[in-house]
Amino acid sequence: MQQGFEKQVQSGKLKAAYTDPVSGSKSYVNPKSKYSYNVDTGLSGKTGAKVEPPHVDVNYPNPKPKNVEPKRKFFF
């Protein structure tokens, strides 16, 4: 999963925004659409303990487009 996001960064479609040094979770932003993607490892940013399954959160730009379906979580 992480490799796919890194390829998008290298191609210029996404920008790496933040990497949590404890959990390894990373955030990416699409500069064109303003959507952001958080690749969550499922580890706590404070302790590094596993707190949930790994997943990707999608954050919509503000204001949220009217034609967007409700938010869903996809686990990998």
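Quick rundown of the values:
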quantity	calculated
Amide proton proximity set for Leu43, modelled H, under 5 Å, gap of 5+	Val51
Rounded to 10°, Cα long-axis angle of helix 2-11 versus longest principal axis of the chain	40
Per-residue Cβ neighbour rank within 10 angstrom, fewest leading, Val68, Val56	Val68, Val56
For the chain: relative contact order, % (alpha-carbon pairs under 8 angstrom, 6 or more apart)	21
R0 of 22 Å, Cβ-Cβ distance Gln2-Glu52: FRET efficiency to nearest 0.05	0.85
All-pairs alpha carbon distance profile, the chain, 5 Å steps from 0, percent	3, 15, 23, 23, 19, 12, 4, 1
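Values in this text are rule-based calculations from the coordinates and carry no lab data. Bear in mind the structure is a predicted one, so any value in this text is a computation, not a measurement. Methodologically, a virtual Cβ is constructed for each residue, glycine included, from the backbone with ideal geometry; neighbour enumeration extends over all protein chains shown.
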